[in-house]
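For reference, the structure is listed below as structure tokens.
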Amino acid sequence: MPRRPASRYSMFTATDKLGETYAEGKDFNWMMIPAEVILETVRFSKDNKDYVEFNGYDAYYYMNEAVMPIGSKPKITARILGLVKDDAVRQIRFAADGARDEESYFTKRKLIDEIKKGLINPDIIRYGRPGKKLR
Amino acid sequence: MSVPLQITGAGNNDAQNVLKVTFSTACSAAPRLEAWDNSLTFPSVDTAGTTVVKEIFTGTTVNGSIPMLFAADTTNDLPGASWKPTAATAGGTVKNRLKGNVNYVQFESTPGTGGSSLFNIGLEIPSDATVPSSSSLNHLIQIRYYYSGTEPTLSFRANEGTEASPTWTVLTPNTNGLQFANLNTDWTGTVKLTIPESGVLDAPEAGITI
């Protein structure tokens with residue numbers, strides 16, 4: 001009696017979906033690890049350095065304390081704010097050399113409070129909308 | 001030690017003790033390391049890899065349209081400094097870009113009972129990669145193994161110790177998964193990878209999450 005192997009393909013019909021055939025008696029199987037990468041775009045736009053591209057078309061608005069081209073020698077840090085989901089405001093700070101420095105989250109209420117207190121100048125908040133680049 | 005964790009040495013580094021798969025019984029031939037599209041939402045994973053149509057496998061103009069994933073068999077040796085292959089080799093080799101059964105890593109040795117295969121893996125991100133990336137880079141790493149008689153059970157481990165003194169932590173597929181991220185990532189928080197201004201960037205860190 002032919003042995004019935006535990007693999008998902010019989011050793012007598014050992015042709016997998018990829019068309020590879022293995023010798024009789026040589027069973028095979030596989031096991032998977034899921035893997036993911038969540039990319040983001042955080043950079044000063046190449047065509048207009050007054051603007052910041054934050055995840056491209058996903059950005060809603062941003063605020064930067066000082067405009068600085070990455071690659072030059074800025075003297076002060078910059079901050080980008082992005083409304084990422086519902087009430088969450090994401091903040092990314094850049095160090096003086098233009099490198100990404102730190103990332104944190106706070107609420108939209110705190111953002112509004114800081115505007116009311118004069119800690120953030122609302123004039124430099126650029127508004128956008130989903131599906132449209134900030135220009 | 002437990003998940004989430006940062007994997008020590010992962011990527012284009014001269015590190016041997018990075019990821020490990022252990023076989024409960026002997027294999028009949030050396031296994032393969034492959035990568036395929038994952039159609040399910042991380043950390044769920046398909047029951048088998050079937051396609052390689054996502055951008056992570058087709059590449060982009062900036063990276064020369066080659067697979068972004070690369071891996072090396074480190075079972076017996078260190079991979080060497082800056083070991084990332086600059087091109088994809090057809091079929092299997094010990095260091096390769098990963099794309100289904102077109103380009104894969106062929107382990108050199110056949111694990112015996114309780115034996116293990118070790119590998120290092122990295123990701124190259126070009127500046128013109130698609131953002132958001134949820135549908136373009138979601139993939140699965142597949143170990144294809146061969147046996148005669150009793151089928152081995154496999155267990156996966158990641159090193160969160162040091163290269164010289166590894167601490168191997170078990171990861172559970174479908175519950176845990178592999179992620180690539182920025183330098184100094186807080187692996188208990190949001191895991192992101194920022195694309196480069198130009199050229200390509202090798203993901204500075206990799207970890208196990210969820």
Q | Least to most buried among A:TYR105, B:TYR145, B:TYR104 (fewest other Cβ within 10 Å first) | A | A:TYR105, B:TYR104, B:TYR145
Q) Build a GNM of chain B with springs between Cα atoms under 10 Å: which of B:THR74, B:THR51, B:THR175 gets the top mean-square fluctuation? A) B:THR175
Q. Counting partner chain Cβ atoms within 10 Å of every residue's Cβ in B:189-197, what's the average?
A. 5
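So what is the relative contact order of chain B, in percent, for Cα pairs below 8 Å that sit 6 or more residues apart? Mind dumping the intermediate values first?
Numbers: 555 pairs, mean separation 70.9, N = 210.
34 percent.
Specify, per residue and in Å³, the volume enclosed by the convex hull of the alpha carbon atoms belonging to chain B. List each step's numbers first, then the result.
Values: hull volume 24.2 nm³, N = 210.
Here the figure is 115 Å³ per residue.
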Q: With a ≥ b ≥ c taken as the square roots of the eigenvalues of the C-alpha gyration tensor of the stretch B:32-74, please select rounded if a/c is under 1.5 and otherwise prolate if a/b is larger than b/c or oblate if it is not?
A: oblate
Q: Rounded to whole Hz and in sequence order, give me ³J(HN,Hα) for the stretch B:133-145 from the Karplus expression 6.51 cos²θ - 1.76 cosθ + 1.60, θ = phi - 60°, writing x for Gly and Pro.
A: 10, 4, 9, 9, 10, 5, 9, 9, 9, 10, 9, 9, 10
Q.
Only counting other Cβ atoms within 10 Å, I'd like B:ARG157, A:ARG109 sorted with the fewest neighbours first.
A. A:ARG109, B:ARG157
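Other chains near B:129-140: what is the mean number of their Cβ atoms within 10 Å of each residue's Cβ? Mind dumping the intermediate values first?
Details: counts 3, 2, 11, 8, 6, 4, 0, 2, 5, 5, 6, 7.
Other-chain Cβ atoms within 10 Å of each residue's Cβ, averaged: 5.
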Q | Proxy reagent accessibility, fewest Cβ within 10 Å first, across A:LYS117, B:LYS84, A:LYS110 | A | A:LYS117, A:LYS110, B:LYS84
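With a 10 Å radius around each residue's Cβ, average the other Cβ atoms per peptide and rank B:112-120, B:184-192, highest first. Don't jump to the answer; show the numbers that get you there.
On the way: B:112-120: 18.6, B:184-192: 15.0.
Peptide ranking by packing, descending: B:112-120, B:184-192.
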(Q) In whole Hz and in residue order, list the ³J(HN,Hα) couplings for the stretch A:32-39 that follow from phi through the Karplus curve 6.51 cos²θ - 1.76 cosθ + 1.60, θ = phi - 60°; x for Gly and Pro. (A) 10, 10, x, 9, 8, 9, 9, 8
**Q.** Test item: B:147-154 mean partner chain Cβ contacts at 10 Å
**A.** 5
Q | Summed residue charge, Cβ within 15 Å of B:VAL170's Cβ, Lys/Arg positive, Asp/Glu negative | A | +1
Q) From the Cα gyration tensor of the stretch B:91-210, with a ≥ b ≥ c the square roots of its eigenvalues, which class applies: rounded if a/c is under 1.5, or else prolate if a/b is larger than b/c, or else oblate? A) prolate
Q | Separation of the B:ALA81 and A:LYS110 label points, Cα + 7 Å toward Cβ, nm | A | 4.3 nm
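Here, each number is a calculation from the coordinates, and none is a lab measurement. Only a predicted model underlies this, so the values are computations on that prediction, with no experimental measurement involved. In this analysis, Cβ positions are derived from the backbone assuming ideal geometry, glycine residues included, and neighbour counts consider all displayed protein chains.
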